[in-house]
Amino acid sequence: MPKPKAKAKPKSKAATAAASKKEATKNNNAVSAEKENEMEISDPTSVPIREQCRGGAESMYTIMRHAEFKESLHKRYEKELQQLYSRMGHQEFLNTFINVLKTVLEAEESNENGNKALSFCAKFVTSFESEKTHPMMTETFHWLLTTYSSSPYVRYRICYFVNLILEKLGPNAALDDTQCDEILETMLERVKDVSAGVRKQAVLAMQRLQIPDNPVDPVVCAYQFHLSADPSSSVRQCIITCMGRNYITVPYILQRLWDVDEKVRRHTYVNMCNYPVRAYKVAQRLTLLEQGLNDSSANVKKTVVNIMLKAWIESYQQNYVALIAALKLDSSEEELMRFRSVTKQMLREIFEQTDNQQLMAQLPLGDDCELHRCVPLECLNVELLLYWQCLADYLESTQADESDQVLPELSVFCTYVNKFCESQKPDMDKFAQIEFQNMLLSLVEILDSYDLGDEIGRSNMKTLIKNLLKDCLLDHKIVRVLVRCMEKLIPDLNDRMQFFIEIIYETCDLNTKQNELVHDRNLISKLLDDLDTPSKMKISSLKVKILELEEQEDNFGRQKEYIQAQSVNEEKMAVTEEYTELIKPLLVKHGFLDMPARPKLSNKERVLKGLFTSYYMVASPHVQKLTPSICKLYKDFICRHLHSSDVDIFEWAIKCGNAYSMFYEAYTKTVFQVVYQQFYKSKEVRVCETSVSCLLELMDHYGIDYIDKLSRKIGAGGLGSKTSNRRQLYTVQDTYDGEEDGDQTVQNSEHSVDIIMAMGRYMEMVADKGVSLAIVRGLCRLVLRGHIDDRPEVLEQLLKRYFNPNAEPIISQVLGMFFENLVRLKKQALLQPCLLPTLWTVMNCSFDSPLNAVQPDYVVKFFIDLTTQEASSPKSNIHNRIALSFLHYIQNYFTERREMCRLLAKELTNLTVNVLNGLEVKTEMLEMADKLITSELEPRVVKNIQVFKTMVDGSFNPPSREARDLLDSDEECDTATVASENVVQSEQVLKHRQ
């Protein structure tokens, strides 16, 4: 049975008087009359209102008329209504009360008198004291929840009144299950209302009916959906306020940190400040700070710093080190690096608002003579060391007087770092090793900040770096900082390279002929004197085996058979390891060797450290060429690991080879062959990502044509191939649904096309974020540098990726910055050929495609905004070409693609065409427009073309897009949908978001 609609009754005399009185408040005479009336009512000697009125209905209207003006007298009027209820009886009073409500419900949202009247009614309905729910409340709820109106004001007031009744019930109130179910059922329907005001009041009305601890609670589920999908920012803000907060709902609220509306993001931070900081997960604390401190809105960032961060500091009693510890997330190396980055930003904001002496007081510097002004090693941890580093950087950047009191002298600090490295134990587990590397990274970054004016300090620093690179297990980030330090210590390129090369040769045992453990006959004979015969035979046989493998490795190296040389090298290392383990006890026994305090490095660790050093010493802005010693290092060390079976070694060998090939073209062929094959064949995500980056860097450096020739040679077997030319014979293959064979077919087909097209397809197919990001960055760089200006399909791939709602946020951010740079470099003309194909892809996509959620008009607006030029001639004006392409497209495809042609005709007037002094362009536009106007097109399409024609003639200036959108809003409100965040973000692509 359909719900009865509320009918608008004619207003009674009392209601008419009330309306007249509201209008009369606009002049002074009416104001005086109103005050006299209020004074008369408040006079205790006056005759009661019920005696002045001739009936119950008139008495109720009179009370309501006065209640809507004077909120302070509501308690007195409640007693009047209760007495009237006792005299009239329940049913007669209820009918009259509902008639009064109908009059009040028709008021607009902004009507303050209506709000006061409803507030008074809510107080009255909840004023009855009884063990069970009073019939007055039950009947009022039933009428409200079964009444439907086509007027949005009535629907708004109904939800608002329900919300007021629930609010006036008090914090410990309870309702019958039937009433709760009835309210819940109705409000779940109202939350889908087309009016944002109605939805907001429905959200408020459901607030006290939610069960946050139940993940399938209907209210919680409705809140979760509308929090991410409601098009109104005020509704999303209201949900953030109303939703109960626990471990189930907090993740959904934190998703609004990425909301497109800065008011919603700020509202999220303001509300989540009241949630205890200790109740958050560590990752959630990091997310709150990371997003807030990097938000593009200054208001949001100010809220985070001045409200949320201060509340967190107070929660930890002004102990900044304890606050840093609350952010520490050491589940992986990536999370620890994220913790470092966020903590540095947070501490910078704290330091700027805190006195320097207060900051110094939380740093426990020691008074030890040897390690003066150093944090004692026994109390050093990740968070304290990070605080020390950030405070030293801040005081130095601000040139504060306390900067000299934070750090010791350079020689003392070198000693401190050396003592810290001695604490590295061989039996460290994975997480302890990650923490150690993180702390060492902070120490070497502090080392890099020192002024090198002290000659003794420079010498000690050089010795420290040499010992670290030779003996200590180091992460590649530490090696990068150490190389940067050496660039300051040794400015001369040849001397600095020789310093690193000597360390690499010594660390990786490249000077095999000088290895005393194998080649010193006198030493070996002394060690084997006291051994029994079987042990002597075992050691001697291993020594002979090592010598044979060394000879084979040298032979393969001279013949440039690096795969075989690497295989022999790995076998030699294994045998050498076994030989060393047998000979080491003899060396200790005879006093030739002391057991090392630091952990022994494996062969893989030594090779990786050598590759780290080889890469960073060349991949530097201070290196402009390769010296002969570097070329020898490439031949003796890097080439032999380009075919390593170990993923870590192989990845860094590729990076090294790619960096060296940037300076020497002869290395390019070998490196390209390796990365080209890995790009198509490798199943390791890391290797594939590195290969993609290297390929795109080579294209950027040498050009696409050069790389394309190399790829064709590889495909033909002409690059590095020693066999004769061979022709592939055609073979008929059976086709069936096999996954492996399908993948192989795709792989073979991709070998036949160019690399750029293959990468474009990989960008859509590969699920890994790192590989997709590497491809996007590389293609964007090629477009910006003009390598693929004649390849619009590449830009189309990037555009589709940008509009894809499922794209990773980092990829969307990179593409947004790319389009900004495209406009800055005035290369937006490249977008014009991509407009129509991209728009057709969006409009013609399948139902299950992510692009199905993208609104086509947003795509057109994105292109028009980006291609708008400040100054241009008729020939160079991009919008002139777009207008002509629109007109030609409508002429050719109107019968097949009517919806797209309607959109193009509508957007014609949004173009900024320039036909001044361009008679040819103007004539062509007008001829095309006349031809389309006389053809059999839809009336609205013809109308839009006619408007465009008058605009080209100069006799019409169309209204702005915002004005037209406002006029069309009523037509579109019933079908309003939520645009994806990426599409809405595209409207702001010209704004610099950090």
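Annotations for the structure displayed:
- Scanning region 247-273 for residues that are over 23 Å from Ala298 (Cβ atoms), open to solvent by 10 Å² or more (accessible area, probe 1.4 Å) and assigned to a loop (DSSP other than H, G, I, E, B) yields Tyr247, Ile248.
- Residue-level check: of (1) over 26 Å from Lys800 (Cβ atoms); (2) surrounded by 18 or more Cβ atoms within 10 Å (Cβ to Cβ); (3) among the acidic types (Asp, Glu), Glu907 misses just (1).
- Selection from region 613-626 of residues that are closer than 10 Å to Trp652 by Cβ and out of contact with any Leu (no Cβ under 7 Å at 6 or more places or on another chain): Tyr615
- Total residues in region 427-459 satisfying the condition of being assigned to a helix (DSSP H, G or I) and either touching a residue at least 40 places away in the same chain (Cβ under 8 Å) or within 36 Å of the chain's Cα centre (by Cα) (or both): the figure is 22.
- Those residues of region 636-646 which are exposed (fewer than 15 other Cβ atoms within 10 Å of the Cβ) and farther than 13 Å from Val607 by Cβ, in sequence order: none
- Per-region count, region 784-811, residues surrounded by 20 or more Cβ atoms within 10 Å (Cβ to Cβ), part of a helix (DSSP H, G or I) and not aromatic (Phe, Trp, Tyr): 8
- Test: residue in region 341-355 that is surrounded by 17 or more Cβ atoms within 10 Å (Cβ to Cβ) and among the polar types (S, T, N, Q): yes
- Selection within region 465-486 - open to solvent by 10 Å² or more (accessible area, probe 1.4 Å) and over 35 Å from the mean Cα position of the chain (by Cα): Lys466, Asn467, Lys470, Asp471
- Taking the listed residues Glu920, Glu936, the one that is open to solvent by 30 Å² or more (accessible area, probe 1.4 Å), on the phi < 0 side of the Ramachandran plot and not in a helix (DSSP H, G or I) is Glu936, with no other qualifying.
- Within region 106-131, the set of residues being part of a loop (DSSP other than H, G, I, E, B), of a type in the set (D, E, K, R) and in contact (Cβ under 8 Å) with a residue 40 or more places away in the chain comprises Glu106, Glu108, Glu109.
- Complete set of residues in region 185-208 that are open to solvent by 30 Å² or more (accessible area, probe 1.4 Å) and free of Cβ contacts under 8 Å to residues at least 60 places away in the same chain: Glu185, Leu188, Glu189, Lys192, Ala196, Lys200, Leu204, Gln207, Arg208
- Test for Pro856: is it over 21 Å from Val783 (Cα atoms) and either in contact with a Ser or Thr (Cβ under 7 Å, 6 or more places away or on another chain) or at pLDDT below 90 (or both): no
- Residue list for region 214-246, restricted to those being without any contact (Cβ under 8 Å) to a residue 12 or more places away in the chain and surrounded by fewer than 16 Cβ atoms within 10 Å (Cβ to Cβ): Asn214, Val216, Cys221, Phe225
- Hey, Gln82 modelled with pLDDT of 85 or more and open to solvent by 20 Å² or more (accessible area, probe 1.4 Å) or not: no
- Scanning region 819-836 for residues that are surrounded by 15 or more Cβ atoms within 10 Å (Cβ to Cβ) and within 22 Å of Val776 (Cβ to Cβ) returns Phe819, Glu820, Leu822, Val823, Gln828, Ala829, Leu830, Leu831, Gln832, Pro833, Cys834, Leu835.
- Matching residues, region 394-426, being in a loop (DSSP other than H, G, I, E, B), touching a residue at least 40 places away in the same chain (Cβ under 8 Å) and open to solvent by 70 Å² or more (accessible area, probe 1.4 Å): Glu409, Glu422, Lys425, Pro426
- Test: Val942 is over 22 Å from Thr895 (Cα atoms) and either modelled with pLDDT of 55 or more or of a type in the set (Phe, Trp, Tyr) (or both): no
- If the condition is being open to solvent by 20 Å² or more (accessible area, probe 1.4 Å), in contact with a His (Cβ under 7 Å, 6 or more places away or on another chain) and either modelled with pLDDT of 75 or more or not hydrophobic (A, V, I, L, M, F, W, C) (or both), then region 562-577 contributes only Tyr562.
- Test: Asn37 is assigned to a helix (DSSP H, G or I), of a type outside the set (A, V, I, L, M, F, W, C), open to solvent by 20 Å² or more (accessible area, probe 1.4 Å) and modelled with pLDDT of 75 or more: no
- Within region 365-393, the set of residues being touching a residue at least 40 places away in the same chain (Cβ under 8 Å) and of a type in the set (A, V, I, L, M) comprises Leu365, Leu371, Leu377, Leu380, Val382, Leu384, Leu385, Leu386, Leu391, Ala392.
- Any hit, region 904-919, residues being more than 25 Å from Thr868 (Cα to Cα) and either more than 40 Å from the chain's Cα centre (by Cα) or modelled with pLDDT of 90 or more (or both): no
- Of the candidates Pro152, Pro171, the single residue that is more than 23 Å from Val125 (Cα to Cα) and surrounded by fewer than 20 Cβ atoms within 10 Å (Cβ to Cβ) is Pro152.
- Scanning region 164-172 finds one or more residues that are part of a helix (DSSP H, G or I) and not hydrophobic (A, V, I, L, M, F, W, C).
- Pair list, Cβ < 6 Å and 6+ apart or interchain, from region 267-283 residues that are within 12 Å of Leu327 (Cβ to Cβ) to residues that are buried (at least 19 other Cβ atoms within 10 Å of the Cβ): Val277/Trp312
- One residue stands out among those in region 174-184 that are open to solvent by 30 Å² or more (accessible area, probe 1.4 Å) and touching a residue at least 40 places away in the same chain (Cβ under 8 Å): the one that is farthest from Gln237 (Cα to Cα), which is Asp176.
- Given (1) free of Cβ contacts under 8 Å to residues at least 60 places away in the same chain; (2) surrounded by fewer than 20 Cβ atoms within 10 Å (Cβ to Cβ), number of the condition Asn880 does not satisfy: (2)
- If the condition is being open to solvent by 20 Å² or more (accessible area, probe 1.4 Å) and under 14 Å from Leu336 (Cβ atoms), then region 376-391 contributes Asn381, Glu383.
- Residues that are open to solvent by 30 Å² or more (accessible area, probe 1.4 Å), assigned to a helix (DSSP H, G or I) and either free of Cβ contacts under 8 Å to residues at least 12 places away in the same chain or of a type in the set (Gly, Ala, Ser) (or both) within region 657-715 comprise Ala666, Ser693, Asp705, Tyr706, Lys709, Arg712, Lys713, Gly715, listed in sequence order.
The values are calculated or read from the model by the stated rules, or taken from the named source; none is laboratory data. These figures come from a predicted structure and were not determined experimentally. With ideal geometry, Cβ positions are generated from the backbone for all residues, glycine too; neighbour counts draw on all protein chains shown. Only protein heavy atoms, including side chains, enter the accessible area calculation; ligands, DNA and RNA are left aside. Shrake-Rupley method; radii C 1.70, N 1.55, O 1.52, S 1.80 Å.
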